[in-house]
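Take a look at the structure below.
No value in this document is a laboratory result; all are computed from the given coordinates. Note that the structure is predicted; figures quoted are calculated from it, not measured. Here the Cβ positions follow ideal geometry from the backbone for every residue, glycine too, while neighbour counts run over all protein chains shown.
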Amino acid sequence: MDLHTDLQSLGNKKTDYRYDEPDASLLERFPNPYAQSAINPNGVTGSLNITCPEFTSLCPVTGQPDFATIVIDMVPGEWCVESKSLKLYLGSFRMHGEFHESCICRICNDLVNLLKPRHIVVEGRFTPRGGIPLWPKAEWKSPA
């Protein structure tokens, strides 16, 4: 069973995308191996921790760059996020002006829409501006 046949971003081709508007269409998913009985006959459960240390966006007021490490902790449902597509998606914020809290809320919602996880927490560990570190967090739990 090939789980990766429909992935578009993974590979050796040049990636073209904009840096000034977050683009959820860049995100891709693949079947969660923990949910595949052929791969996981004993029903092992698992969680994912994804740390992305190179996130950049712009302050919507000053236009100055903001830098963060994005930390995603997730208990997947049927799907996992493909890592290169996540990198490209996060890169699409690079020249986009949005407050820290809004970026994190948008990232969490886009991942929920794509993956339908059991539980997800997205945290933005932004470097201090004016001596104040800001680490907003967004969380979603499946109602089922």
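A simple spin-label model places pseudo-atoms 7 Å from Cα toward Cβ; at THR45 and ALA24 they are separated by 2.7 nm. Among CYS108, CYS103, sorting on how many other beta-carbon atoms sit within 10 Å of each Cβ, with the fewest leading, yields CYS108, CYS103.
Neighbour counting of Cβ atoms within 10 Å sorts the residues VAL44, VAL71, fewest neighbours leading, into VAL44, VAL71. State which stretch of the chain is the longest one without any exposed chymotrypsin sites (Phe, Trp or Tyr not before Pro), exposure meaning a DSSP loop state and at most 15 other Cβ atoms within 10 Å. By the stated rule (loop sites, at most 15 other Cβ atoms within 10 Å), 20-98.
Pairwise Cα distances in the range 24-141 exceed 24 Å for 28 percent of all pairs. Mean separation of Cα pairs under 8 Å and 6 or more residues apart, divided by the residue count, gives the chain a relative contact order of 26 percent.
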